[in-house]
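Working notes, beginning with the structure itself.
Derivation of every value follows stated rules applied to the coordinates shown; laboratory data play no part. All figures in this text were calculated on a predicted structure; none of them were measured in a lab. We place every Cβ from the backbone using ideal geometry, glycine too, and count neighbours over all the protein chains shown.
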Amino acid sequence: MVKIFIGGLPDNIQEMDLAILVSLHGRVETIKIVRDRATGKCKGYAFLEIYSLPDAKNIVSTLNGETFKGNVITVKISEEESGVQAAKPKTNQPFKSKRPRLQR
């Protein structure tokens, strides 16, 4: 699975609208539109899981910079895996212990 980020979405977007747009260019597995908890309106972006890398690349090349419901959308392959690897501690650094607590 390849995760794709889509930004620039209107606040009244529905999952089905996005599915119809993207599925013309590749096989979509899941759609997660990020919404405001209080209002339920779209925050302007979504994440999609695409079945294969060739499908994901086709979606990005076809839809990036296009207009959708009056907004220009940004479509790119999410770099989530590189962020997870960067969070791991380096093995060549010694372990730093915490300072002892003061007794009161």
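Within segment 4-51, which residues are within 16 Å of the chain's Cα centre (by Cα) and among the small types (Gly, Ala, Ser)?
Gly7, Gly8, Ala19, Gly44, Ala46, listed by residue number.
Looking at segment 1-17 only, could you name the residues that are over 14 Å from Val60 (Cα atoms) and buried (at least 18 other Cβ atoms within 10 Å of the Cβ)?
Within segment 1-17, Leu9, Ile13 meet the criteria.
Restricting the search to segment 27-65, which residues are more than 16 Å from Lys3 (Cα to Cα) and of a type outside the set (S, T, N, Q)?
Residues satisfying the conditions are Arg35, Asp36, Arg37, Ala38, Gly40, Lys41, Cys42, Lys43, Gly44, Gly65.
Mind listing just one residue for me: the one in segment 24-82 that is of a type in the set (D, E, K, R) and in contact (Cβ under 8 Å) with a residue 40 or more places away in the chain and, of those, surrounded by the fewest Cβ atoms within 10 Å (Cβ to Cβ)?
Restricting to residues being of a type in the set (D, E, K, R) and in contact (Cβ under 8 Å) with a residue 40 or more places away in the chain, the top hit is Glu80.
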